[in-house]
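Enquirer: Attaching a single structure in structure tokens format; questions to follow.
The values are calculated or read from the model by the stated rules, or taken from the named source; none is laboratory data. Note that the coordinates shown come from a computational prediction; the quantities given were computed from them, not determined experimentally. Note that each Cβ is placed from the backbone with ideal geometry, even for glycine, and that neighbours are counted across all protein chains shown. With ligands, DNA and RNA removed, areas are computed over all heavy atoms of the protein, side chains included. Shrake-Rupley method; radii C 1.70, N 1.55, O 1.52, S 1.80 Å.
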Amino acid sequence: MASAGKPRGERRTFIEEARRAQIIECTIAVLASHGYAHASLATIAERAGISKGVISYYFDGKEDLIAQVHAETMMLVTKLVLPAVATEVRASDKLRVYIEGSIAFVETHAAHATALLEIWNGLRTPEGRPAFDARSHEPGLEFLEGIMRQGQKDGEFRPFVPRIMALAIRGAIDCVLLQRVAYGDKVDLREAARELVALFDAAMRDVSGPRPTSAAPPPKARRGRR
């Protein structure tokens, strides 16, 4: 969305790009520390050391600013996680790297991850509905489904419904984020990543195949002579 102060299509200067990035970073910090309800433009401006009018030059109000924060944070997650996934060949390795990378983002970009959670819970449409519903997760779910279909095609994964498993994986990762926000460092993220990798590897692994030959029955005891 173009701001009121910057006509659509007009390129920003280096200084303007830097100022815009600063506002976004300060918004992330305020969302993480104050929550969505208290992330007012005044609070964000105070954090950035600027006036509210400067924010209005770059963004059309709080909703526009928050939407831009969400878009850029999701883009950052994508840049940090998906290229590493793409370097793997086997579906099981792709899934492992996806889970590890997603949870590592919660640790290395804690404020960004918390801000995302606040946005998901707080941002509303003009009609008062959540701006991000289940349909907002479609790109990520489709990506996971693609990994699973590859694993099934290659014989790594057993037959199952990729959509349901994708929902379970995404839900588990999001639950780790919720726990981390609630309990802080008490939640060991690396341990969580290891456990989720092991859990879903066991859940999807194709263990079918030739069954081991059962042991031969013991010989019958000889009857003694009468």
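Enquirer: So if I check each of E63, E127, which one is of a type in the set (D, E) and in contact (Cβ under 8 Å) with a residue 60 or more places away in the chain?
Expert: On the way: E127 fails: in contact (Cβ under 8 Å) with a residue 60 or more places away in the chain.
After ruling out the rest, the residue left standing is E63.
Enquirer: May I ask you to say which residue of P159, P126 is of a type outside the set (F, W, Y), out of contact with any Gly (no Cβ under 9 Å at 6 or more places or on another chain), more than 30 Å from I66 (Cβ to Cβ) and surrounded by fewer than 17 Cβ atoms within 10 Å (Cβ to Cβ)?
Expert: Answer to the check: P159.
Enquirer: List pairs: first residue in segment 100-112 and open to solvent by less than 10 Å² (accessible area, probe 1.4 Å) and basic (K, R), second residue modelled with pLDDT of 95 or more and assigned to a helix (DSSP H, G or I) anywhere in the structure, Cβ distance under 7 angstrom, at least six positions apart or on different chains.
Expert: So the pair list comes out empty.
Enquirer: Let me ask something else. Looking only at helices (runs of 4 or more DSSP H) that lie completely in segment 41-145, which have at least 2 residues being among the hydrophobic types (A, V, I, L, M, F, W, C), over 11 Å from the mean Cα position of the chain (by Cα) and farther than 17 Å from V176 by Cβ?
Expert: Answer list for segment 41-145: 41-48, 52-58, 61-86.
Enquirer: Of the residues in segment 162-179, how many are among the charged types (D, E, K, R) and either touching an Asp or Glu at 6+ places or on another chain (Cβ under 7 Å) or open to solvent by 50 Å² or more (accessible area, probe 1.4 Å) (or both)?
Expert: Looking only at that region, the number is 2.
Enquirer: So which pairs qualify, if the first residue must be in segment 27-56 and closer than 12 Å to H112 by Cα, the second must be open to solvent by 60 Å² or more (accessible area, probe 1.4 Å), the Cβ gap must be under 7 Å, and the two must be at least 6 apart or on different chains?
Expert: A29/R47; V30/R47
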